[in-house]
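Visitor: One structure follows; several queries about it will come next.
The values are calculated or read from the model by the stated rules, or taken from the named source; none is laboratory data. This one's a predicted model, so the numbers in the text were calculated from it and none came from an experiment. Cβ sites come from the backbone with ideal geometry, for glycine too, and all protein chains shown count toward neighbours.
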Amino acid sequence: MVRELGHTFSVRRPGMNRFRSWYELRMKDDKVLIVEDDDDLRDLVRTVVEREGMATIEAADGREGLRQFYEHRPRLVILDIGLPQMNGWQVLERVRELGNVPVLILTANADELDKVRGLREGADDYVTKPFGRQELIARVEALLRRASDGQMRDDLHADGLVEIDFSQRRVTIDDSELDLTPTEFRLLAALARHPNQVLSHDQLLEMAWGDSANRSRQQVKLYIGYLRRKLVDAAAEDPIETVRGFGYRYRPSATKSA
Ligand code: CA
């Protein structure tokens with residue numbers, strides 16, 4: 001397939017989608033993000049993790065945690081649930097939209113424990129407070145080991161049109177990087193994770209904005225428009241179909257012509 005890309009032509013060979021291993025990905029960024037509002041506890045976790053030879057980044061509230069996550073794309077997240085600004089569940093949802101980085105959840109009480117939801121085998125684990133150093137180390141190591149055993153390969157998505165590296169938050173089309181805003185990225189990520197499936201406005205609001213309560217369908221329409229324009233500019237095709245009255249469906253070229 002030959003596709004015009006600005007002034008250059010690039011030939012796309014079938015099967016050239018590269019799936020780098022989790023090892024290779026994580027080599028780039030070997031940091032652990034600690035999101036905990038209790039200063040003493042955050043210090044303790046940091047000391048334990050650093051003693052294991054890993055660098056740390058810290059945040060004392062949920063929003064800051066997410067900001068650090070976007071910026072540093074850490075190898076592991078240690079996440080408290082009871083946090084100011086945004087609680088741990090909200091942070092976890094956003095983190096999950098971007099890929100499969102392992103998350104160790106710190107729960108404070110039995111009520112939270114009852115609600116330990118969204119835990120995915122191999123991707124998440126939890127410890128209940130108070131916990132000892134040894135328990136924390138054991139959990140961290142177990143998560144990292146499972147991660148590097150290759151159970152989390154869906155950090156990468158590739159179809160006939162785009163390649164998405166969720167952990168690096170990069171989208172490439174024919175090896176050129178597409179410049180997307182965080183919202184556009186989350187929208188594309190949501191669509192690409194559900195190819196050929198109609199997603200409603202509300203579903204997209206949930207997935208790309210994290211809530212649908214204070215948002216409107218107009219907003220989805222607007223951002224779909226931005227995203228479309230960028231995709232069409234880069235790939236000369238529009239993979240997003242409008243399904244009138246329902247929402248949108250992502251159909252990359254490879255699926256269409258198949
Ligand atoms: Ca807390």
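Visitor: Among the helices (runs of 4 or more DSSP H) lying completely within segment 162-258, list those that include at least 3 residues that are in contact with a Lys or Arg (Cβ under 7 Å, 6 or more places away or on another chain).
Guide: Fully inside segment 162-258 and qualifying: 201-209.
Visitor: So which pairs qualify, if the first residue must be in segment 72-97 and assigned by TED's automatic domain parsing to the domain that holds Val140 and under 25 Å from Arg145 (Cβ atoms), the second must be of a type in the set (Asp, Glu) and part of a helix (DSSP H, G or I), the Cβ gap must be under 8 Å, and the two must be at least 6 apart or on different chains?
Guide: Going by the 8 Å Cβ cut-off, the qualifying pairs are Ile81/Glu112.
Visitor: Go through Gly62, Gly118 for me and flag whichever is at pLDDT below 80 and not aliphatic (A, V, I, L, M).
Guide: Gly118
Visitor: If you scan segment 95-110, which residues turn out to be more than 24 Å from Pro130 (Cβ to Cβ) and either within 15 Å of the ligand (Cβ to nearest atom) or crowded, with 19+ Cβ neighbours inside 10 Å (or both)?
Guide: Of everything in segment 95-110, those that are more than 24 Å from Pro130 (Cβ to Cβ) and either within 15 Å of the ligand (Cβ to nearest atom) or crowded, with 19+ Cβ neighbours inside 10 Å (or both) turn out to be Val95, Leu98, Gly99, Asn100, Val101.
Visitor: Among the residues in segment 213-232, are any assigned by TED's automatic domain parsing to the domain that holds Gln168, out of contact with any helix residue (DSSP H, G or I) (no Cβ under 6 Å at 6 or more places or on another chain), exposed (fewer than 14 other Cβ atoms within 10 Å of the Cβ) and within 16 Å of Arg96 (Cβ to Cβ)?
Guide: No, that holds for no residue.
Visitor: Another question about this same structure. Of the numbered conditions (1) over 18 Å from Val127 (Cα atoms); (2) out of contact with any Ser or Thr (no Cβ under 8 Å at 6 or more places or on another chain); (3) at pLDDT 50 or above, Lys31 satisfies every one except a single condition; which is it?
Guide: The number of the failed condition is (2).
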